[in-house]
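Remarks on the structure that follows.
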Amino acid sequence: MPDPNPAVFFEVFNEIGIIEQLSRAVLEARLPHGLIAPHFTVLNHLVRVRDGQTPVHMARAFQVPKTSMTHTLKGLEAHGLVQLRPNEEDGRSKRVWLTDAGRALRAETIAVLGLEFAQMAKDFDVERLLAITPVLRDLRIMMDAARD
């Protein structure tokens with residue numbers, strides 16, 4: 001078994017952090033004016049997991065304060081990308097629903113990013129990405145379970 005040197009984890013997470021910063025810049029350059037990466041990640045989450053969640057549930061999922069999630073949702077609502085509707089199970093809270101415009105913007109953004117990714121595929125061996133994806137997924141699953 002390899003040495004469980006904590007420096008290995010730092011090196012890996014440092015690389016992941018730099019990649020996140022670079023990928024965020026690519027994403028934000030392709031979003032409509034007034035939208036930023038957190039807006040897109042909420043849209044993506046609502047499509048990938050499901051919409052109809054409460055802001056509190058979403059704040060926990062994103063590990064951000066409820067006020068931060070509320071601010072992000074207000075921005076999405078102002079752009080017509082989500083609707084906040086009363087929670088039928090608890091009248092004190094709301095649920096978040098994607099609009100058709102929100103689903104369309106997510107799909108359009110992914111399509112535009114596809115052009116960027118196609119260029120990357122010319123410059124980087126896609127097989128290497130496919131090889132590390134299961135490792136990254138396992139790391140995410142382990143870390144996600146450890147936070148609960």
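A short reminder: the numbers here are calculations on the coordinates, not readings from a lab. If you're wondering where the values come from, they're calculated on a predicted model, not measured in any experiment. Here Cβ is always computed from backbone atoms with ideal geometry, including for glycine, and neighbour counts include all displayed protein chains.
Could you put VAL126, VAL112 in order, starting from the residue whose Cβ has the fewest other Cβ atoms within 10 Å?
On the way: VAL126 11, VAL112 15.
Arranged by neighbour count, lowest to highest, VAL126, VAL112 become VAL126, VAL112.
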Note: probe point = Cα of PHE124 + 7 Å toward Cβ; backbone nitrogen < 13 Å; residues of the stretch 27-66 passing the test are 27
Low-density loop positions, trypsin sites (Lys or Arg not before Pro), the stretch 49-148 - DSSP coil, at most 14 other Cβ in 10 Å
ARG50, ARG92
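Based only on other Cβ atoms within 10 Å, what is the fewest-to-most ordering of HIS33, HIS45? Mind dumping the intermediate values first?
Numbers: HIS33 5, HIS45 16.
So the ranking, lowest neighbour count to highest, is HIS33, HIS45.
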If the only charges are +1 at each Lys and Arg Cβ and -1 at each Asp and Glu Cβ, what is the size of the charge dipole of the chain around the Cα centre, to the nearest 20 debye?
620
Which whole-Hz couplings ³J(HN,Hα) result when phi for each residue of the stretch 7-15 is put into the Karplus expression 6.51 cos²θ - 1.76 cosθ + 1.60, θ = phi - 60°, listed in order with x for Gly and Pro?
5, 4, 5, 4, 4, 5, 5, 5, 4
Checked against the positive end of the charge dipole of the stretch 6-147 (+1 on Cβ of Lys and Arg, -1 on Cβ of Asp and Glu, about the Cα centre), the farthest of HIS45, PRO55, PRO32 is PRO55
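In whole percent, what relative contact order does the stretch 6-147 give with Cα contacts below 8 Å and a gap of six or more residues?
On the way: 93 pairs, mean separation 27.8, N = 142.
Reported relative contact order: 20 percent.
Among residues other than LEU98 whose Cβ falls under 15 Å from its Cβ, what is the net charge (Lys/Arg +1, Asp/Glu -1)?
Details: positive: ARG48, ARG50, ARG85, LYS94, ARG95, ARG103, ARG106; negative: ASP51, GLU77, ASP100, GLU108.
Its environment carries a net charge of +3.
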Going out from 0 in 10 Å bins, what whole percent of all Cα-Cα distances in the stretch 44-94 drops into each bin?
24, 61, 15
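Within the stretch 1-109, report the GluC sites (Glu not before Pro) that DSSP leaves as loop and that have at most 12 other Cβ atoms within 10 Å.
Working: sites: GLU11, GLU15, GLU20, GLU28, GLU77, GLU88, GLU89, GLU108; in loops: GLU88, GLU89.
Hits after loop and neighbour filter: GLU88, GLU89.
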Rounded to 0.05, the calculated FRET efficiency for the beta carbons of HIS71 and ALA101 at R₀ = 22 Å is 0.65
If THR99, THR67 are placed from fewest to most neighbouring beta carbons inside 10 Å, the sequence is THR67, THR99
Return the equivalent ellipsoid semi-axes of the stretch 1-44 as a descending list in whole Å, where each equals the square root of 5 times an eigenvalue of the C-alpha gyration tensor.
32, 10, 6
Straight-line reach from LYS122: which lysines fall under 25 Å, measuring Cα to Cα and dropping same-chain residues less than 8 apart?
none
Note, the stretch 97-109: 3J(HN,Hα) by Karplus (6.51, -1.76, 1.60, θ = phi - 60°), whole Hz, Gly/Pro = x, goes 10, 5, 8, 4, 5, x, 5, 5, 4, 4, 4, 5, 5
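What is the gain in length, in nm to one decimal, between GLU28 and ARG147 on full extension, counting 0.36 nm per residue of separation less the C-alpha to C-alpha distance?
On the way: separation 119, 0.36 × 119 = 42.84 nm, distance 2.81 nm.
Length difference between fully extended and current span is 40.0 nm.
Using just the Cα positions, wrap the stretch 1-102 in a convex hull and report its mean projected area in square nanometres, one decimal place.
Working: hull surface 35.8 nm².
For the Cα atoms of the stretch 1-102, the hull's average projected area reads 8.9 nm².
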Summing -39500 (n - 2.57) over every DSSP H run of at least 4 in the chain, dividing by its residue total and rounding to the nearest 500, the 222 nm mean residue ellipticity is -23500 deg cm²/dmol
